[in-house]
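> Quick one: the structure is below, and I'll ask about it shortly.
The values are calculated or read from the model by the stated rules, or taken from the named source; none is laboratory data. From a predicted model like this one, the values you see are computed outputs, not experimental measurements. Heads up: the accessible areas ignore ligands, DNA and RNA and are worked out on the full protein's heavy atoms, side chains in. Shrake-Rupley method; radii C 1.70, N 1.55, O 1.52, S 1.80 Å.
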Amino acid sequence: MAKSNKPLVWGPFAAGGTITAFVTPVLIVLTLLAALGYVPEMLGYENLRGVLAHWFAKLSVSVIIFLSLWSVAHRLRITCYDLGVRADALVAAALYLAAVLGSVAAVVYLARI
Amino acid sequence: MSERLVEVEVLRYNPETDSEPHFQRYSVSCEEEWVVLDALNHVKETIDPTLSYRWSCHMAVCGSCGMMINGEPKLACKAFLRNYEGVIRVEPLAHFPIERDLVTVIDDFVSKLARVKPYLIPKEDKPLSAGEYRQTPAQLKKYKQYTLCINCMLCYSACPEYGLIPKYIGPAALSLAHRYNADSRDGGREERAQEVAATEGVWDCSFVGACSEVCPEHVDPASAIQQEKIANMVDWYKEHLMPGGAK
């Protein structure tokens with residue numbers, strides 16, 4: 001049988017899953033802290049904006065956002081299939097496109113900082 | 001020893017006389033330490049000799065007596081009656097066609113198993129006089145747990161993907177392919193990749209993990225499949241993105 005080309009979409013999915021497993025809990029903790037009124041000075045708006053002005057920070061955040069969105073898109077694609085939605089090509093195209101559009105939006109926003 | 005009365009509801013199907021399967025209930029007076037297989041043997045010996053099911057070792061080694069017990073794939077020889085309340089429902093393994101009563105047709109699994117070449121394909125042939133193929137304990141540890149598979153097919157019954165996609169090669173065959181791929185003496189990974197790296201190979205797995213939950217030998221087929229996915233992904237990127245396509 002021919003080898004599958006699925007690794008092309010699975011690679012970023014696996015990478016995104018691994019990244020979100022580490023990043024999401026941190027984001028939840030920080031958001032909770034902020035909600036409780038405790039915002040360390042280092043994580044203040046001006047400070048974070050300053051960090052994101054650096055090209056390497058922009059690149060890192062872009063990569064993290066792309067991989068996370070792609071991971072969600074791929075997981076949703078498989079969930080749709082498992083739930084009985086068999087129009088896989090259509091579902092895949094729509095979800096991956098959404099992930100790419102979200103990433104492009106993030107890149108455009110970051111570029112403006 | 002205390003005896004108690006257990007109600008067992010068994011799926012019956014005789015292709016010669018039945019148009020479709022039906023349940024038949026038996027009352028079995030059983031001992032405290034009996035397993036479901038003991039109850040079935042008791043039924044066959046004393047109540048109904050026509051009941052058909054596979055079994056051999058009665059000690060979770062042969063992998064013959066896999067069946068659905070209250071909807072869960074289990075080895076009948078490992079399922080203690082005392083752990084169940086009320087009527088115990090016994091059905092043939094899910095996702096396989098029924099041959100007769102609790103006996104299923106396993107041809108699909110057997111042919112898939114053969115396709116992944118689950119045997120050592122030596123990296124280099126050397127004459128007997130050159131001695132053994134040596135291996136360190138660390139090299140052995142990499143694949144040892146995957147050698148414990150007894151081909152009982154509980155993982156195929158538990159796997160929702162196999163239920164959805166009958167072409168999917170499935171947990172046990174893929175984890176046995178990984179067992180040999182991960183063996184330092186083996187050189188057959190590329191040959192096996194024809195099946196393992198195909199869409200019906202590891203890529204139809206969506207990592208539900210039910211295979212590893214039901215495995216009576218703790219083989220953890222899900223981990224084998226994920227390791228194969230990573231290895232095959234690296235291969236794919238090498239073949240498609242590297243100049244010259246390292247094969």
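> Relative contact order for chain B: what is it in percent, counting Cα pairs under 8 Å that are at least 6 residues apart? The partial results should precede the final answer.
Values: 416 pairs, mean separation 40.9, N = 247.
RCO, chain B: 17 percent.
> Amide H of B:E99 versus every other amide H placed in the peptide plane: which residues, excluding those fewer than 5 positions away on the same chain, fall under 5 Å?
It is B:T104, B:V105, by chain and number.
> Excluding same-chain residues fewer than 8 positions from B:K126, which aspartates and glutamates have a Cα within less than 19 Å of its Cα?
B:K126 reaches B:D183, B:D186.
> How about B:K44: which aspartates and glutamates have a C-alpha closer than 14 Å to its C-alpha, ignoring those fewer than 8 places off in the same chain?
Cα-Cα hits under 14 Å: B:E9, B:D101.
> Right, another one. For chain A, find the longest principal axis of its Cα atoms and tell me its angle to the long axis of helix A:88-111, 0 to 90°, nearest 10.
20
> Output ³J(HN,Hα) for the stretch B:77-84: one whole-Hz value per residue in order, computed from phi by the Karplus curve 6.51 cos²θ - 1.76 cosθ + 1.60 with θ = phi - 60°, and x for Gly and Pro.
My calculation for the stretch B:77-84 gives 7, 10, 9, 6, 4, 5, 8, 10 Hz in order.
> Using the Karplus curve 6.51 cos²θ - 1.76 cosθ + 1.60 with θ = phi - 60°, work out ³J(HN,Hα) for each residue of the stretch B:32-47 in order, rounded to whole Hz, and write x for Gly and Pro.
Listing the rounded values in order: 4, 8, 6, 9, 4, 4, 4, 5, 5, 4, 5, 4, 5, 7, 10, 10 Hz.
> Further question: Before we go on, tell me the buried accessible area for the B/A pair, both chains summed, 1.4 Å probe, in Å² to the nearest 100. Numbers along the way, then the final one.
Details: alone 13190 and 8160 Å², together 19620 Å².
Chains B and A together bury roughly 1700 Å² of accessible area.
> Between the stretch B:199-247 and the stretch B:47-90, what's the alpha-carbon centroid distance in Å?
Here the answer is 32 Å between Cα centres.
> Ignoring everything except DSSP H segments at least 4 long, calculate the 222 nm mean residue ellipticity for chain A; use -39,500 (n - 2.57) per segment, divide by total residues, nearest 500.
Details: 4 runs with 89 residues, N = 113.
Result for chain A: -27500 deg cm²/dmol, rounded to the nearest 500.
> Here is a further query. Any aspartates and glutamates with Cα under 17 Å of the B:K167 Cα? List them, leaving off those in the same chain fewer than 8 positions away.
A:D82, A:D88, B:D107, B:D108, B:E195, B:E200, B:D204
> Which of the pairs A:K6/B:K144; A:K3/B:K142; B:K144/B:K238; A:K58/B:K238; A:K6/B:K238 have their Cα atoms more than 21 Å apart in this structure?
Check vs 21 Å cut-off fails for A:K6/B:K144; A:K3/B:K142; B:K144/B:K238; A:K58/B:K238.
> What is the angle, in °, between the Cα long axis of helix B:221-241 and the longest principal axis of the Cα atoms in chain B? Nearest 10 is fine, range 0 to 90.
30
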